[in-house]
1. Could you give me the residue pairs with C-beta distances under 8 Å whose first residue belongs to segment 19-33 and is touching a residue at least 24 places away in the same chain (Cβ under 8 Å) and over 17 Å from residue 52 (Cβ atoms), whose second residue is within 10 Å of the ligand (Cβ to nearest atom) and of a type in the set (Lys, Arg) wherever it lies, and which are 6+ apart or on separate chains?
2. Applying the selection to segment 95-130, what residues are over 15 Å from the mean Cα position of the chain (by Cα) and aliphatic (A, V, I, L, M)?
3. Restricting to segment 199-221, name every residue that is surrounded by 18 or more Cβ atoms within 10 Å (Cβ to Cβ) and aliphatic (A, V, I, L, M).
4. Somewhere in segment 176-198, is a residue under 14 Å from the mean Cα position of the chain (by Cα), buried (at least 19 other Cβ atoms within 10 Å of the Cβ), under 30 Å from residue 6 (Cα atoms) and touching a residue at least 12 places away in the same chain (Cβ under 8 Å)?
5. Taking the stated definitions as given, is residue 123 part of a helix (DSSP H, G or I), crowded, with 19+ Cβ neighbours inside 10 Å and more than 10 Å from the ligand (Cβ to nearest atom)?
6. Filter segment 17-57 down to residues that are assigned to a strand (DSSP E or B) and farther than 17 Å from residue 129 by Cα and give me whichever is least open to solvent (accessible area, probe 1.4 Å).
7. Could you count how many residues in segment 149-206 are outside any helix (DSSP H, G or I), over 23 Å from residue 222 (Cβ atoms) and among the hydroxyl-bearing types (Ser, Thr, Tyr)?
Amino acid sequence: MQKLARQQNRKGSKIGFVPTMGYLHAGHVSLVHEARKRVGKNGFVVVSIYVNPTQFGPNEDLSRYPRDLKRDLTMCRAAGVNVVFTPSDPEMYPGKQENRHCTYVSEECLSRGMEGSSRPTHFRGVTTVVAKLFNLVLPDVAVFGQKDFQQAAVIRRMVRDLNFPIRIVVAPTHREPDGLAMSSRNKYLNPEERAQAVILFHALQAASAGVRKKAVPASQMLKDLSAFITVAPLARLDYIEFFDPETLTPVDKVKPGTQMALAVFFGKTRLIDNARL
Ligand code: PAF
């Protein structure tokens, strides 16, 4: 992969990169189009497909994470991807089980709350694998989805702090017609859960509407939205946070421009979404 990337560099082609864990959907395709837009028609667009074990907690869905490489490759071809990079576990984390990997990259400011609280080892796995992928793919531009808002912020910060010469682009969340944010994990939902999963989007809309006229104390908004979510009986709220979109620090007053993020369980499936209110 590095050899190929260097060849493209020498030819003067820009490399656009979309890291994924596969089981692609229209949201990923929109990231590929964004990458193509950034590098131009003579640029080189790389998609990686790698279900990264280090970003899953011990009781999470690593073993059942959905995979369909054949379908992913067809989608990548149709979207005009130049190379799909599909490293294996031993290639990414060589060595014996007990000393599989000794070097980690961890961002220690923006990865603390929200996903970082609910999934304590998650971001260390993400920043480690993304740093490795950046060193393998040598991109000029890398595109991430806004659905994983905190992930994008953490990666931007890592790139800045470690001087990766890479432009990070964050592309808007792609939604199903009813508003549910597209995610590979939506596949886990049974029909009843799927119907109720739109509550995440409705909660974001309700919060936006609620602050249109006046600022609302975060504690009040949290109470109202927690009650709102019980309208979906299968939903179990993990967290709702209101914060500054740049620093990710929680705010006391929710107003237009505040970022809201939430995580909700449906059975074992955990969904996230966020919006600028
Ligand atoms: O967003 C994802 O799919 C993953 O966290 C990423 C960025 C591909 C790293 O494994």
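The values are calculated or read from the model by the stated rules, or taken from the named source; none is laboratory data. Small disclaimer: the values here were computed from a predicted structure and weren't measured. Please note: Cβ atoms are built from the backbone with ideal geometry, for glycine as well, and neighbour counts cover all protein chains shown. These accessible areas exclude ligands, DNA and RNA; they are computed on the full protein's heavy atoms, side chains included. Shrake-Rupley method; radii C 1.70, N 1.55, O 1.52, S 1.80 Å.
1. 27/147
2. Across segment 95-130, the qualifying residue is only 105.
3. Scanning segment 199-221 gives 199, 200, 203, 204, 207, 211, 216, 218, 221.
4. no
5. On the way: part of a helix (DSSP H, G or I): yes; crowded, with 19+ Cβ neighbours inside 10 Å: yes; more than 10 Å from the ligand (Cβ to nearest atom): no.
Considered against the rule, which asks whether it is part of a helix (DSSP H, G or I), crowded, with 19+ Cβ neighbours inside 10 Å and more than 10 Å from the ligand (Cβ to nearest atom), residue 123 comes out as no.
6. Residues of segment 17-57 assigned to a strand (DSSP E or B): 17-20, 44-49.
Keeping just the survivors that are farther than 17 Å from residue 129 by Cα gives 44-45.
Values: 44: 22, 45: 0 Å².
So, considering only residues that are assigned to a strand (DSSP E or B) and farther than 17 Å from residue 129 by Cα, the one least open to solvent (accessible area, probe 1.4 Å) is 45.
7. Here is the first cut: in segment 149-206, the residues outside any helix (DSSP H, G or I) are 162-183, 189-190, 197-198.
Filter once more, keeping what is over 23 Å from residue 222 (Cβ atoms): 162-172, 174-178, 182-183, 189-190.
Of the ones still in play, those that are also among the hydroxyl-bearing types (Ser, Thr, Tyr) are 183.
Total satisfying the criteria: 1.
So that you can scan it fast, the table gives a plain yes or no per residue for (1) of a type in the set (D, E, K, R); (2) farther than 24 Å from residue 176 by Cβ:
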{"position": "219", "(1), (2)": "no, yes"}
{"position": "231", "(1), (2)": "no, no"}
{"position": "241", "(1), (2)": "yes, no"}
{"position": "251", "(1), (2)": "no, yes"}
{"position": "260", "(1), (2)": "no, no"}
{"position": "265", "(1), (2)": "no, no"}
{"position": "271", "(1), (2)": "no, no"}
